[in-house]
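Have a look at the structure below, then the notes.
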Amino acid sequence: MKIFSCLLLASTVAAAEVPTLAMSAGYSTQVFAARGYDLIGFDDALHQGRLAVGSGFTLPFGALDLEAAFATGGTSSASHGTVPVMFALKGVQLGVTYRVPVKSWFHPYAQLTGGYDWATLTLVNTSRLTQTVGSFSGSGLLGVQFAIRMGGKNEARVPHLIFDLGAGAVLRQVSRFDAMAPEAPQQAPSEPPLSQGSVNLGSVPLSGFTARVLVGVRY
């Protein structure tokens with residue numbers, strides 16, 4: 001009987017310590033006020049979609065969440081208002097979030113993320129010059145989560161529907177588009193490679209203000 005009681009207690013403690021699982025999807029926008037962003041266009045906003053999965057742990061004073069995310073988006077405009085351009089930005093992120101459940105449904109939080117981005121700039125003209133460059137990134141956000149319980153009151157572990165609003169700043173290395181060149185044409189293996197020149201269009205600063213709206217589930 002004592003062995004059975006110990007096993008029951010151990011299983012209860014293990015269940016209580018199971019980390020939470022979370023998944024979210026949403027929208028983020030970034031605003032770049034630096035003059036160098038005019039290489040892409042005069043619209044300073046860039047929009048991205050975002051998917052994230054993660055886990056979390058309850059602390060004595062709050063909760064700690066870890067997540068991995070993928071974001072992608074872009075914009076179409078005119079370089080310095082004349083040449084049509086397409087700009088795409090995608091990246092992966094790892095983040096840590098500290099949130100405080102002030103109420104069961106109201107969780108303010110602070111988040112830090114680090115990641116790596118790929119920025120692609122394409123001039124939409126007859127030569128169609130293009131280049132993709134990579135850079136490290138980091139961001140800091142403050143926000144709030146609204147949690148809606150999706151289960152009975154007597155259930156110890158139930159999923160919650162999460163609405164997440166956050167704002168902060170994103171820092172990135174300057175992207176230098178100094179080797180813009182046409183896409184390589186398809187050639188037969190027996191043909192000698194064609195020589196191609198490149199064009200230096202300058203650099204684009206991609207640090208600025210960021211805000212996001214996410215919807216997810218935490219269990």
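For region 68-93, a tally of residues being at pLDDT 95 or above and open to solvent by 70 Å² or more (accessible area, probe 1.4 Å) returns 2. Y37 falls short on exactly one of the conditions (1) part of a strand (DSSP E or B); (2) open to solvent by less than 20 Å² (accessible area, probe 1.4 Å), and that condition is (1). Pairs linking a residue in region 45-72 that is touching a residue at least 24 places away in the same chain (Cβ under 8 Å) to a residue that is of a type in the set (D, E) and surrounded by 15 or more Cβ atoms within 10 Å (Cβ to Cβ), with Cβ atoms under 7 Å and 6 or more positions apart or on different chains, are A52/E67; V53/E67; G54/D65; G54/E67; G56/D65. The single condition among (1) touching an Asp or Glu at 6+ places or on another chain (Cβ under 7 Å); (2) open to solvent by less than 30 Å² (accessible area, probe 1.4 Å) that D65 does not meet is (1).
Could you please give the count of residues in region 135-154 that are closer than 21 Å to T72 by Cα and open to solvent by 40 Å² or more (accessible area, probe 1.4 Å)? Full working, then the answer.
Step one: filter region 135-154 for residues closer than 21 Å to T72 by Cα, giving 135-141.
From what is left, the residues that are open to solvent by 40 Å² or more (accessible area, probe 1.4 Å) are 136.
Number satisfying all stated conditions: 1.
Name the residue, out of R128, R176, R99, R172, that is basic (K, R), under 30 Å from T20 (Cα atoms) and touching a residue at least 40 places away in the same chain (Cβ under 8 Å).
Values: R128 fails: under 30 Å from T20 (Cα atoms); R176 fails: under 30 Å from T20 (Cα atoms); R172 fails: under 30 Å from T20 (Cα atoms).
Exactly one residue qualifies, and that residue is R99.
Residues of region 79-112 that are of a type in the set (A, V, I, L, M) and in contact with an Asp or Glu (Cβ under 9 Å, 6 or more places away or on another chain): L89, V92, L94, V96. Which of the residues that make up region 171-199 are modelled with pLDDT of 80 or more, open to solvent by 60 Å² or more (accessible area, probe 1.4 Å) and under 20 Å from V85 (Cβ atoms)? If the condition is that a residue be modelled with pLDDT of 80 or more, open to solvent by 60 Å² or more (accessible area, probe 1.4 Å) and under 20 Å from V85 (Cβ atoms), then V174, R176, D178 are the ones that fit.
The values are calculated or read from the model by the stated rules, or taken from the named source; none is laboratory data. Since this is a predicted model, take the numbers as computed values, not measurements. Neighbour counts are summed over all protein chains in view; Cβ atoms, including those assigned to glycine, are modelled from backbone coordinates with ideal geometry. These area figures cover heavy atoms from the full protein model, side chains too; ligands, DNA and RNA do not enter into them. Shrake-Rupley method; radii C 1.70, N 1.55, O 1.52, S 1.80 Å.
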